[in-house]
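A.B. asks: Structure incoming, see below.
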Amino acid sequence: QVQLVESGGGLVQPGGSLRLSCAAPGNIFSNYVMGWYRQAPGKQRELVASLARGGSTNYADSVKGRFTISRDSAKNTVYLEMNSLKPGDTAVYYCNARLFSMSYWGKGTLVTVSS
């Protein structure tokens, strides 16, 4: 069973910042496309950002310029740096590792943006 472990969620005021972390097994981290998804109450899960093995990134239009996905290979960890947070960013954020038809998910971490 592949375990992806997220951390870093919490309550933050509008305009604030948070950094999410996702620790993955080394073989997964090295070979899979790593991504962050989110699911707000009553909405479908959506892609926030992804990072391919070669380093190319992809972002949802709603977070471009505010969120940054990155990786630390020494720690087998993927990060999501979130700045200028808005109430609309409130959601459970999930880490995902994907390779062809294989896909693994973390349990999620809650981010609440509220004053």
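The values are calculated or read from the model by the stated rules, or taken from the named source; none is laboratory data. Values in this document were obtained by computation on a predicted structure and should not be read as measured data. Positions of Cβ are backbone-derived with ideal geometry, glycine not excepted, and every protein chain shown enters the neighbour counts. Just the protein is used for accessible areas: all its heavy atoms, side chains included, with ligands, DNA and RNA removed. Shrake-Rupley method; radii C 1.70, N 1.55, O 1.52, S 1.80 Å.
A.B. asks: In Å³ and rounded to a whole number, note down the convex hull volume per residue for the Cα atoms of segment 62-115.
C.D. replies: Numbers: hull volume 6.4 nm³, N = 54.
Per-residue hull volume (Cα only) is 118 Å³.
A.B. asks: Roughly what % antiparallel, to the nearest 5, for the DSSP beta bridges in the chain?
C.D. replies: Numbers: 37 of 40 bridges.
For the chain, the DSSP antiparallel bridge percentage is about 90.
A.B. asks: Averaged per residue, what accessible surface does the chain expose to a 1.4 Å probe, in Å²?
C.D. replies: Details: 6180 Å² over 115 residues.
I get 54 Å² per residue for this part.
A.B. asks: As an exercise, identify the trypsin sites (Lys or Arg not before Pro) in segment 1-70 lying in DSSP coil whose Cβ has no more than 13 other Cβ atoms within 10 Å. Numbers along the way, then the final one.
C.D. replies: Numbers: sites: Arg19, Arg38, Lys43, Arg45, Arg53, Lys64, Arg66; in loops: Lys43, Arg45, Arg53, Lys64, Arg66.
Listed in order of number, the matching sites are Lys43, Arg53, Lys64.
A.B. asks: With the Cα gyration tensor of the chain in hand, give its eigenvalues times 5 under a square root as the equivalent ellipsoid semi-axes, listed largest first in whole angstrom.
C.D. replies: Working: eigenvalues 104, 39, 34 Å².
Whole-Å semi-axes of the equivalent ellipsoid: 23, 14, 13.
A.B. asks: Going by average Cβ density within 10 Å per residue, which order do the peptides 54-60, 109-115 take, highest to lowest? Intermediate results must be reported in sequence, preceding the final value.
C.D. replies: Working: 54-60: 11.7, 109-115: 15.4.
Highest-to-lowest ranking by the protection proxy: 109-115, 54-60.
A.B. asks: If one computes the Cα centroid of segment 33-63 and of segment 1-21, what distance in Å separates the two points?
C.D. replies: Computed from Cα coordinates, the inter-centre distance equals 14 Å.
A.B. asks: Report, ordered by chain and residue number, the lysines lying within cross-link reach of Lys86, taken as a straight Cα distance under 17 Å and ignoring same-chain residues fewer than 8 apart.
C.D. replies: Lys43, Lys64
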